[in-house]
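Coordinate-derived values only; no laboratory data. No experiment lies behind these values; they were computed from the predicted model shown. All Cβ positions, even for glycine, are placed from backbone atoms using ideal geometry, and neighbour counts span all protein chains on display.
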Amino acid sequence: MKRYISELIGTMVLVLFGCGSAAIAGSYLGTFGIAMAFGLSIIAMAYVIGDISGCHVNPAVSIGMWIDGRINAKELLMYILFQCIGAIIGIALLAIIINSAPSLGGYMTTGLGQNGFGSASSVGIDVIGAIIVEIILTFVFVFTVLGVTKKAENGAVAGIVIGLTLAFVHILGIPLTGTSVNPARSLAPALFLGGQALQQVWVFILAPVIGAIIAGLFYKGLSEEDA
């Protein structure tokens with residue numbers, strides 16, 4: 001159970017600080033600042049809960065780990081459940097914080113760092129483009145996580161590599177879709193906001209899952225060939 005509680009806390013922190021930076025400070029942080037907020041959240045949590053749960057804090061990462069045989073099906077389901085709970089708690093805290101500051105106008109005005117396409121995208125990317133982008137970004141992220149965590153000797157730097165990778169995929173993805181690469185991170189704000197965010201969230205669940213499966217299969221095949 002310690003692993004699952006760790007995943008809950010880690011995902012809560014990622015969503016609160018990542019989505020919070022986008023919602024509250026995005027106008028002056030810009031793309032790079034928001035990307036770094038997500039990346040630094042992962043780095044911080046990796047060095048706290050990495051030795052307990054592996055610090056997946058993302059159903060896509062857990063799917064990749066399952067495909068590579070590092071967790072079993074029951075563990076996968078539990079990881080995803082607690083990650084989603086953590087994300088919902090993180091967004092609930094963010095909503096409370098935003099609503100406590102009258103000048104922000106409430107979370108329905110500021111948003112909650114939700115993902116989107118079409119009119120909800122900064123550049124108006126269409127649904128097909130959004131799916132392609134999210135598959136590619138998730139593939140790169142999960143592929144990197146699988147590789148850097150495979151060997152124990154990488155433990156000292158794994159958190160930094162993973163955090164910086166999350167940051168750099170956000171730099172490309174934020175103007176396009178807001179960058180999901182994490183179904184739990186996308187589901188939580190959509191549940192609170194409803195409307196367009198909830199109608200579009202299927203893309204940000206489906207595409208990261210596909211990207212994670214591709215990454216897991218590619219990594220498994222490549223590592224087995226090298227073995």
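Summed over the range 97-139, residues that are outside any helix (DSSP H, G or I), surrounded by fewer than 15 Cβ atoms within 10 Å (Cβ to Cβ) and at positive phi total 3.
State which residue is nearest to PRO183 (Cα to Cα) when the search covers only the range 195-227 and only residues that are touching a residue at least 12 places away in the same chain (Cβ under 8 Å) and of a type in the set (S, T, N, Q). By that ranking, first place goes to GLN200. When ILE89 is tested against (1) in contact with a Phe, Trp or Tyr (Cβ under 9 Å, 6 or more places away or on another chain); (2) of a type outside the set (S, T, N, Q); (3) over 25 Å from ILE136 (Cα atoms), exactly one condition is not met: (1).
Pairs linking a residue in the range 173-184 that is in contact (Cβ under 8 Å) with a residue 40 or more places away in the chain to a residue that is crowded, with 24+ Cβ neighbours inside 10 Å and of a type in the set (Asp, Glu), with Cβ atoms under 7 Å and 6 or more positions apart or on different chains, are THR177/GLU134; SER180/GLU134; VAL181/GLU134. Tallying residues that are closer than 19 Å to VAL15 by Cα and of a type in the set (D, E, K, R) within the range 92-149 yields 1.
Condition check ((1) crowded, with 22+ Cβ neighbours inside 10 Å; (2) free of Cβ contacts under 8 Å to residues at least 40 places away in the same chain; (3) not in a loop (DSSP other than H, G, I, E, B)) across all residues:
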| position | (1), (2), (3) |
| --- | --- |
| ILE24 | no, no, yes |
| LEU29 | no, yes, yes |
| PHE32 | no, no, yes |
| TYR47 | no, no, yes |
| ILE52 | no, no, yes |
| ARG70 | no, yes, no |
